[in-house]
Structures are given as structure tokens and as C-alpha cells.
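Quick notes on the structure that follows.
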Amino acid sequence: MPQHDVLVIGAGLAGQRAALAAAEEGGSIGILSKVHPVRSHSNAAQGGINAALDAEDSWESHAFDTVKGSDYLGDQDAIEIMCREAPDELLTLEHLGVTFHRDETGHLGKRAFGGASAARTYYVADITGQAILHVLYEQLMKHDEVYRYEEWFTTALVQDEDGRMAGAVTRNIRDGSMELFAAKTVILATGGNGQVYTPTTNALICTGDGIAMAYRIGAPLMDMEMVQYHPTTLAGLGLLITEGARGEGAQLYNAEGDRFMEKYAPNKMELASRDVVSRAEQTEINEGRGFEDGTVALDITVVPRKRIHEALREIVNVGRDFAGVDITNEPIHIKPGNHYVMGGVKTDTNGLTSIPGLYAAGECACVSVHGGNRLGANSLLDTLVFGRRAGEHAARAGKSLGMPDPSTAVLRDEEERIAKVVAREGSGRRVAELRAELGSTMDKYCAVFRDEDGLRTALETVRRLKEEAETVALDDKGSIFNQDVLAALELQFMIENAEAIVLSAIERRESRGAQYRTDFPERNDDDWLKHINVAVNGSEPEISYSEVTLTQWEPEERKY
Amino acid sequence: MADYTLKIRRFNPESGDAAYWQDFGIDLPPERSVLDGILQAKDREDASIGIRCSCRAAICGSCGVRINGKSRLACNTRIGEAAAEAAASNGGAVVVEPMGNMPVLKDLIVDMDAVHWKKVQRVVPWLLPEGPPPDREYLVPAEAMIDVTQSMACIHCGVCVSACLSLEVDPDFIGPAALAKAYRFVGDPRDGATEERLADLAEDPHGIYDCTHCFACIEVCPKDVAPMSQIMRLRRRATDDFEIKDRNNGYGHEQAFTTLIEKYGTLHEAQLLPRSFGDGSLLKSQISPHGLKNLIPAAPTAIRGLVSGKVSPRKALTHPKLPDQNQVRRIFKQIESKDERLELNLYIVGEAGEGEPEEQVGKEGVE
């Protein structure tokens, strides 16, 4: 049985940062990932990372922008921590070797981003996430005390009799063997759940595994109704065009040639927060001022060509390869598309969940710093600051604990459960069909605009799919790289994520941030300035509430 | 009737059977990707087809395969274009097989750890700064950061590793991707081990001089990293900037090559080898112990060339200069008179053939 002081599940930015921070504290660290770490979805974060590093800028300004962006649902104590620690985290990354853009004096250069009152987004061309991910992986290759388990799929979290974390059961994808890992503390860093929606900007691996595994053992999920639709995604495929494009000056037009953001956000225009821009676009499209393919146009040609090649190179490629459009010459058609889940496993500001010894960081966690709407370039910051804090805290907490001896019964149960899925014969629907139905249902009823009837329909469908997922038949009966069984397990994770999202969206009878209820179109601070939590208690999910932490910013009307 | 046919190379190590080909009919518009085609086959017909994939947008680097024999990412290869290529052969079926130069684990999945990642680990792939970090950021030229960003853009998909001809001959060659990774540190002004890194890669018999300059990696790279260009820059830094005289005679070979071209305009092949052992000088190769040590074992090859008639004594002794040899010398003078070496980097100059000519000739100071 492999044993580690800290076991990190997921090796994107949050997971790798947590592992490195834990390693600095000493002890043995294991990091498990269902894909090779550099394949993680953190790669897709193009635009940059926010930090109030400049003397003229202040962490308070960054924090206020974040609070306002969250539509006052973000916890202000957590937001203060994130924004205060941002400059140090940025400099740490720079010292480790991230090739951040420089200005002509050789200092770190920055760009403007949505919802921000100052340009404070630091970047590497438009491959910021990739550059940071690869540099952290360089550090992992350097650290001998971090054991990497690449292409291991975690199926269940394991507790001792007292309910304390004791480890995890995982499947080695390469040979199909199952292994029980013992660990004093476990950090979930499994990323988001965008695959619950079709289309989505998220990679195929973003199936909410960690969120579902924590949910199964009773950890409350918070703010799950807050699902961000990014304003600029390609129709059909859902691929992302970075907000950096608008940061560099790109403009939005409807089919009639109007720069419609003048109506919705006369001050910030295209750089209003994402929920505001997405809602504006969807309104234009719904009211018949979009193009025939259900889109509006993003005009990047106003940005100087040299600057495009230097700073937006990746989206030149995306436009050319995936839309057949030369963005330096003509506008590209875009629409709002699923992008990010603000909610996740409820944690404190050290990443600790309600389960002793279980931590969560990054998109799978909800601290909550993003509240109702995440600002662009705050997600990288969230993964790094709270990944580091979780890693440090978990490693320190483990020092006073003995190595747990988790029961091998859990391993046997999991082996049996998965063997049954593999062996299942029968007439059930295919995994891919169920996944497609789930995705289109969520995109139809639980997207930019929502109402009670649609959400109830979605809930019914999700619950039916939950039953159907128990009967899917598999083609692959083998052990080596059986991706078929992994897809079946991921489908179950996704359905549980979807259920939590829809239940929370039904519960919140107001409009705030990414949740816009056409049947409750106003924000209602009197009744709903609070977090919604969903947890399974016994078998049925139950809703509860928790307070929003306010420190220095009273809720006020939100205008951009 | 399906729009396209994918002919996929299947291999299941558990079955005990040899690899075989299987055809799948695909219904997709031509602008969709080969990956979308493979996923459709998985979704509709056979979910046991093994392929790594995740982002669908050429960012994660998971889905490197060979399509119609060419190494590339399945997600940014359009199925319509692949079918058009295949129209001449295979009855129009798009042939998909695993990448080369790496062991196959299952179907389209190869063992990248055993080859690619081992080589990356070989180049000491982390920053080695000199002394403790500054209080704030390191102050470095903007161009230097943009320059190494071309190497940072590598997504480690392995497509260049698959296409590399040198690796096919010498599996120990460090290879295009790992050497591009090495340049990311050599070109980074924050790194304090530039000379050590260059000496290490120059002295390794499977290092920077093992590349045969065939351009295959540049052609297939989906991210315009141009690995071979990074290897050539490592060489120029090793020779020009640090004058590292390596035991592989990489330095001597470069000196010999340029000396001969400057002198004759075309390559005097009979002198190339001897001059290589003398750092470019014919005389030095015959009197220095290092030159002699290398020259003597090469003698049988020279004799075989003479006996077989591949080299004639007249050709070996005389080599005509180009009629316009002065023009070649002028080019040498022109280039050598510049303070900075001119280097192409897509991140700085944009793509060739575009307007805005004043921005086309970007330059990058190496120092």
C-alpha cells in the first residue's frame, strides 16, 4: 500500500502548487492524476493572472473589483487573502522561471482584463496557464520527494471509522490494477465540471470527479448554481477565445453592426464582468439581432497586427484551425458558452473541507472567492494561492498524525463495483448518448437565462439519466487503458454534479451573478445574500445555507 | 453511406493478436477534425478504441498520431483535408496509426514516458538561477522573454519526436522536443548555467550535433516551436558565443564548413572531414594530436572512396572556386559586420508573407 503524508489528487495548477508547497514543509508527497500533468486543463487559461503589484495599484482595489464581480456573494475574508497574497505568488512564479511578458524597461508587463479598475493582469503571450503549468512541472521533476502517479484514476475517497480522511482508491489506467493509497491528508485538485454541459470550453477530462467524490462522502457543495458562461466561445465546438482579446481592445458587434455593449455597460463596454457581457450577447441573440448561426461578432482587427502576433498568437491559430477565420482580417462569430463553475466543495481559507483531513483547492473548491461571477484572470490566482495554502496547511496538520491504516475492505468494494461495470452485458444506452443528453439538457435549461419550469425539467432528466447510468453497457472488457469504463465512471460523477447545480439553481429564487432567473429578475439581498449548500445526508441531497462573510464592502447596486 | 472512412490501426496487448486495421464510417462535415471522427467511432461503434485526448483545441498535446503517414495532432487536422490527401491511395480512407519512435501501449496510445519524458528529464529541465532571487522580479529584456516563449509554447505532444529521422537511427538522440526545452533555459537570461548546459549538450554524442538538419520537426510541429531552429541556436551559442570545442567535432565541423564556403563558394567535400578535425584548418588537423587521433581512423573510408571511384585524386586535391566567389565573400562580410546575430522568431516577427514589411524583419539580440 503506497503511503504518503499528503496525497494530492489532480495535477493541474492547484494540485502541482499544493504538492510543491507541501514538499517545502517536508515529508512524503504523492500526486495522482488521471492524465499526464501537462495535459491538465489549466493549460487553457490563456489570458493571465491578476495581481496588484504596481505601486499605483492596491490589493484593496483588486479585492473590491473581485467582490463587485462576485455580485457580493464572494466571502470577503477569502477575497482579501487572495488579493493580498497575489503579488508574492506572482513573484514566486517569476523566480521559478515563468517567462512573463516584460515592458520596455524589463519589468513585468501587464494587460487590461474584464471587471478590473486597473490593468493588473500579468501574462505570457496567450499561453499563461500553459507556461505556469509547465514551469511548475519543471519543479516537480526537480523534487525527488514528490512521487508522481501519472495516469491514475481515483474512484473513491477513504475515511477511517471516525470519519477522518485515510486515503483514496485509485485505478492505474495503464494496467487496470486498483490500489489503496494511505495518506494523513488528502487534497482534491481535480478541476471543474464543464463537461456536464455541451458545448463547453472545458476539456474532455473536466468531469467534476473530485466534487462528486467529496459529495458522496457527505462534504457540502457550495454556490453550485453559479456556472459561468464565457462571452466569447466558438459556436458548435465551444472553444475559447481569450478575454485577452477584449483586453487588447477587441469589440463586440451584433448583426446590425451596432456595438451593443453601449446599451448594457456604457462605462466598461466589452470589459464589463463576464456575466454582464454574456447576458448582453444572449439578449441580442434572443431578440433577433444576432447572426443566423446564433452568434454575435468579435472584431479583433482593431488590434494592431504585430500586437496580435505577439500577444494573441494562440487565438490566431484557434480561429484559423477551428473556425477557418483569419482574426487579423475579419471579425469572428462567437457566443456565450459554458466555461467555469464558481461553486465546488466548500472549504475554509486554508482549503479544509468539512471532512477532517480532506482539503480542496482550485476549481473543484469553493472558498468562496468568486461568488456569483468570477473575474477573468482570477482563476489562475485562485488555484495558486489556495493550492499553496492547502498544501502548506495539509502538510503541517499531518505532522502530528500517525499514518492511517485504511481498511482494505474499501479497496475490495471498489474493485468489485468496477469489475461489475466492466462485465455488464445488456441493452442499456451507450455512455456517449447519456453524456450528450445530459450536456444538451443543461445547456438548454440551466444556462445564461433560467426559470423554475426549465430547471424542473432539467432535474427530471438528470434523475432519469442517473438511473440509466446504472445500466450502460460497455464495449471494452480489458484492463489496459480501458477508457470505456473510465467514461462510465465519469458519467456518474457528472450526473451528481449536474444534480447539485440544478437543485441549487432552483433554490436561489433571485438573480445574482451568473444565476439569472427570468421569473425572479432582481437581486434580493434581504433574502438571498447567502450561500446555498447541497450535501447528501443518508441518500437524498439536502439544502442548507451559510452566511456570506462581509468585511469592508457593503452590497450596493452593480453597474459597469 | 458515411461521409468518410477512418482506417485505424488497432492493437490490444491483452488479446495476444498482432496489430490489425479496422475501418469506421464517419458522418461529419469536412471542417471537423480527425479526432472528432475517432470520437464518433468510439461513441457510436466501439468504445474500446484507445486514444489519449482532452482539450480538442491543440493545447493539451494528448492526441498526437500519424495520419496518412504524417505525424500530427488529430484535433487540428481537418477530416475533409485528410480524406483529400488519402484520395490517391487507400481507396480514400484516412489512415490513422500511433506515433513513431515510441512503443505502442494500445491502439493509438504510445509510451511517451519511456522516450520523450526521459529525454526531457535528461536536459535538467528546471531553471538554475545564480544566487538568491531579487526582492522583485528579475529585470530582463522584453525580447528575451518573448524569444524563449517560442520554446515555452511546446505542448509536449511528441509529434516531432515521432517524425524525427535522427531518432529513428539513434534512439539515444536527445531529440527535437527535449532540445527545444533546453533552449528555453539557455535562452533565458535568468538561468545561471548557460555554459554548463551548452557544454553538456555539445559533448553528449547524442546531443545537439546529432541532429541532421532535416526540417521534419519544424514541418510537423503544431505550435510553431520550430525545434530544429532551437537546436541550431544552441549550436550557435555553443560555438560562436562560448567556443566550446566538443569531442564530437561539432565546433570543428561548423568551422570547416564555413571556411570552405567562404573560400570556394561550394563544398570541397574531400577537405571537409580533415578540416573538421582541425577546427576548420587543414594544417591543424594534421599536426594536432586531437586532429590526428580522429584523422587516422578515417583513413580507410577515404581509401575506399578512392578505390570505388567515388572520389578521384584530382577532385580530392583541387576544387574550383565559384566564378563569382567575391559575391560569397561579400555575404560573409556583410553578416559578420553586424553587431547582433539575426534570428527568426515567430513570436517577434509574425508570419512570413504578410503586409507591414517594416515589422517583418524583427531581430533578436542573443546577448
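The values are calculated or read from the model by the stated rules, or taken from the named source; none is laboratory data. No experiment lies behind these values; they were computed from the predicted model shown. With ideal geometry, Cβ positions are generated from the backbone for all residues, glycine too; neighbour counts draw on all protein chains shown. Just the protein is used for accessible areas: all its heavy atoms, side chains included, with ligands, DNA and RNA removed. Shrake-Rupley method; radii C 1.70, N 1.55, O 1.52, S 1.80 Å.
At-a-glance table
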{"read-out": "Cα gyration tensor category, rounded, prolate or oblate, for the range A:65-172 with a/c compared to 1.5", "value": "oblate"}
{"read-out": "Those lysines that a straight Cα-Cα span of less than 18 Å connects to A:Lys346, excepting residues fewer than 8 apart in one chain", "value": "A:Lys530"}
{"read-out": "Summed side-chain charge close to B:Asn294 - residues other than B:Asn294 whose Cβ falls under 14 Å, Lys, Arg +1, Asp, Glu -1", "value": "+3"}
{"read-out": "Carbon + sulfur, % of accessible area of the range A:304-426 - ligands and nucleic acids excluded, 1.4 Å", "value": "50 percent"}
{"read-out": "Crossing angle, helix A:13-24 versus chain A [Cα axis fit, 0-90 degrees, rounded to tens]", "value": "60 degrees"}
{"read-out": "Calculated P(r) of the range A:260-379 - Cα pairs past 17 Å, %", "value": "68 percent"}
{"read-out": "Relative contact order [Cα under 8 Å, 6+ residues apart], chain A, whole percent", "value": "22 percent"}
{"read-out": "Average other protein chain Cβ within 10 Å of Cβ, residues B:141-148", "value": "5"}
{"read-out": "Of B:Lys106/B:Lys181; A:Lys34/A:Lys68; A:Lys399/A:Lys477; B:Lys119/B:Lys333; B:Lys310/B:Lys338, those spanning more than 31 Å from alpha-carbon to alpha-carbon", "value": "A:Lys34/A:Lys68; A:Lys399/A:Lys477; B:Lys119/B:Lys333; B:Lys310/B:Lys338"}
{"read-out": "Hz values of 3J(HN,Hα) by residue in the range A:371-380 - Karplus curve (6.51, -1.76, 1.60), Gly and Pro given as x", "value": "x, x, 6, 8, 7, x, 6, 8, 6, 4"}
{"read-out": "Accessible area buried, both sides summed, chains A and B with 1.4 Å probe, Å²", "value": "5900 Å²"}
{"read-out": "Chain B: Cys lacking any partner C-beta under 4.7 angstrom", "value": "B:Cys75, B:Cys154, B:Cys157, B:Cys164, B:Cys211, B:Cys214, B:Cys221"}
{"read-out": "Burial of 40 Å² or greater, the range B:27-52 residues [accessible area, probe 1.4 Å, versus chain by itself]", "value": "B:Asp43, B:Ala47, B:Arg52"}
{"read-out": "Shielding of A:99-110 by partner chains, average beta-carbon count, 10 Å", "value": "5"}
{"read-out": "Computed log₁₀ I(q)/I(0) - Debye formula, equal Cα scatterers, no solvent, the range A:317-395, q 0.11 Å⁻¹", "value": "-0.43"}
{"read-out": "Tilt relative to chain A, helix A:128-142 - C-alpha long axis, 0 to 90 degrees, to 10", "value": "30 degrees"}
{"read-out": "Amide proton proximity set for B:Val95, modelled H, under 5 Å, gap of 5+", "value": "B:Lys7, B:Asn68"}
{"read-out": "Fraction of accessible area attributable to carbon and sulfur, the range A:1-102 (%, probe 1.4 Å)", "value": "46 percent"}
{"read-out": "Percent accessible area from carbon and sulfur atoms, chain B, protein chains only, probe 1.4 Å", "value": "55 percent"}
{"read-out": "Segments A:59-72, A:469-482, A:438-451 sorted - mean Cβ within 10 Å per residue, highest first", "value": "A:59-72, A:438-451, A:469-482"}
{"read-out": "Sequence of A:Lys399, A:Lys530 when ordered by accessible area, the most exposed leading, probe 1.4 angstrom", "value": "A:Lys399, A:Lys530"}
{"read-out": "Angle in degrees between helix A:431-445 and the longest Cα principal axis of chain A, rounded to the nearest 10", "value": "40 degrees"}
{"read-out": "For the range B:93-200: rounded, prolate or oblate by the Cα gyration tensor [a/c cutoff 1.5]", "value": "prolate"}
{"read-out": "Packing rank of B:314-321, A:425-432, A:10-17, where each peptide gets the mean count of other beta carbons within 10 Å, highest leading", "value": "A:10-17, A:425-432, B:314-321"}
{"read-out": "Rounded to the nearest 10 Å², the accessible area of A:Thr154 at probe 1.4 Å", "value": "10 Å²"}
{"read-out": "Probe 1.4 Å, protein heavy atoms only - accessible area per residue of the protein assembly as shown in square angstrom", "value": "37 Å²"}
{"read-out": "Net charge, A:Ala116 excluded, C-beta distance under 11 Å - Lys, Arg +1, Asp, Glu -1", "value": "+2"}
{"read-out": "Counting DSSP beta bridges with both ends in chain A, the antiparallel % (nearest 5)", "value": "65 percent"}
{"read-out": "The range A:278-291 - phi-based ³J(HN,Hα) in whole Hz, Karplus 6.51/-1.76/1.60, Gly and Pro as x", "value": "4, 5, 4, 4, 5, 5, 4, 5, 5, 8, x, 9, x, 7"}
{"read-out": "Chain B: relative contact order as a whole-number percent, Cα under 8 Å and 6+ apart", "value": "12 percent"}
{"read-out": "For chain B, built as a Gaussian network whose Cα springs stay under 10 Å, the top-fluctuating residue of B:Lys293, B:Lys119, B:Lys284", "value": "B:Lys293"}
